[in-house]
Amino acid sequence: MGLRSFMKTLLLLLCLGLLAPTTLPAEVASPAKKPVAQSTIQRPAYSESFTVDQLRSFAFEALRSAYPDFNFKLVNGKLVFPDGTSLPFDDGLDRSPQALLDAPDIFDMFFYRYPSLAQRKGPQATTGTAVHDPNDGALTLPMSLPYLADPGRIRNENFFQQMYGSTEEAVKQRLAPVKWIPSGKGPTMMVTTINGVNKALQAVSDELDKLPELWPYLLRPGGSFTWRPIAGTNRLSVHSFGAAVDINVEKSNYWRNVNQDEEARLDYKNRIPAKIVEVFERHGFIWGGWWYHYDTMHFEYRPELIAYMKVVEHARAVK
Ligand SMILES: [Zn+2]
């Protein structure tokens, strides 16, 4: 985005008093309200006093540390892969929430912050918007989420195709089985070996395998690899890349089952215990339950988003 519009957004955020770094707005969804004008979507709070250049370098640093096998380079504003392929990193365009979903550049993937559960802990992290999870009093989950903010749902498709494969066949060649909750006789899940996603998912399974009280949420999973678009869109799901899993559909909530309209005011709903989210996040998976367009069965391997928040936190601490 341009510097001028960035400053404008920053000013707007200041006026709205939304700059508290880790606080989710306590706004309660109201079905009657019409959506705000798309162009005035709030830049997330982490923008704070960092310049766009700084945020861009935080994002690049996060990509490098999250995907070390790709040894990314940034050359003339392009993200360069080991085979020489380069993709635009930041085209400087401001996008509406819908355009962020439909055609984001790579930097746009970091537009909405994704604080992990671990990062959401702390005195001001959960004020007004979280409840203690009955399954684990130390962890908290949201009661509502900021309007249209979908951290992790913004994906540059070329970036994922370049990493995981651009056709069903190419992705399939790199899949490996993961034994899912073997003590509970769970099924085999097929996920990609690229970026060690299969190892990360096996580590998630090994931990959750020891917590039988959580198995009802995990067994009978909705699936892993499937080459398919996201329901109601032309965008490929991360399931297409073998880098996402759905846990038990019957214990899950999905925004589209309530309202098909992307701009609708939704009441947030979730039944997935925080402990499950905490384990997945620790192994690099983000949770669809943190999206305004919630999909609480869905976990996908996006360690760059978790890494980005760590980089931002670090930069804030040393300021
Ligand atoms: Zn899913």
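The values are calculated or read from the model by the stated rules, or taken from the named source; none is laboratory data. All figures in this text were calculated on a predicted structure; none of them were measured in a lab. No Cβ is skipped: glycine too gets one built from the backbone with ideal geometry, and neighbour counts run over all protein chains shown.
Taking every residue in the stretch 233-253 that is within 14 Å of I286 (Cβ to Cβ) and touching a residue at least 24 places away in the same chain (Cβ under 8 Å) and pairing it with any residue that is within 12 Å of the ligand (Cβ to nearest atom) and assigned to a helix (DSSP H, G or I), at least 6 positions away or on another chain, the pairs with Cβ-Cβ distances below 6 Å are A244/V238. The residues of the stretch 51-68 that are farther than 20 Å from E300 by Cβ and not acidic (D, E), listed by number, are T51, V52, Q54, L55, R56, S57, F58, F60.
Which residues, counting only those in the stretch 76-91, are of a type in the set (V, I, T) and either touching a helix residue (DSSP H, G or I) at 6+ places or on another chain (Cβ under 8 Å) or at pLDDT below 95 (or both)? First the steps, then the outcome.
Let us first name the residues in the stretch 76-91 that are of a type in the set (V, I, T), namely 80, 85.
Residue satisfying the conditions is T85 alone.
Total residues in the stretch 151-182 satisfying the condition of being touching a Ser or Thr at 6+ places or on another chain (Cβ under 7 Å) and either acidic (D, E) or closer than 27 Å to Y294 by Cβ (or both): the figure is 5.
Just one of the listed residues (G232, G284) is out of contact with any strand residue (DSSP E or B) (no Cβ under 8 Å at 6 or more places or on another chain) and at positive phi, namely G232. Screening the stretch 254-294 for residues that are over 15 Å from S144 (Cα atoms) and charged (D, E, K, R) and picking the one that is surrounded by the most Cβ atoms within 10 Å (Cβ to Cβ) gives E281.
Restricting attention to the stretch 223-253, the residues that are within 18 Å of N270 (Cα to Cα), surrounded by fewer than 16 Cβ atoms within 10 Å (Cβ to Cβ) and near the ligand (Cβ under 10 Å from one of its atoms) add up to 1. Please verify whether V279 is within 21 Å of F110 (Cα to Cα), of a type in the set (A, V, I, L, M, F, W, C) and more than 11 Å from the chain's Cα centre (by Cα), treating the condition exactly as stated. In short, no. Each residue in the stretch 254-292 was checked for being among the β-branched types (V, I, T), within 14 Å of the ligand (Cβ to nearest atom) and part of a loop (DSSP other than H, G, I, E, B), and 1 of them qualify. The condition of being over 22 Å from the mean Cα position of the chain (by Cα), of a type in the set (G, A, S) and at pLDDT below 95 does not hold for G152.
The set of residues from the stretch 79-124 being in contact with a strand residue (DSSP E or B) (Cβ under 9 Å, 6 or more places away or on another chain), closer than 30 Å to A264 by Cα and part of a loop (DSSP other than H, G, I, E, B) comprises D105, I106, Y114, S116, K121. Inside the stretch 104-149, residues that are at pLDDT 75 or above, over 21 Å from A62 (Cα atoms) and either surrounded by fewer than 21 Cβ atoms within 10 Å (Cβ to Cβ) or touching an Asp or Glu at 6+ places or on another chain (Cβ under 8 Å) (or both) make up a count of 4.
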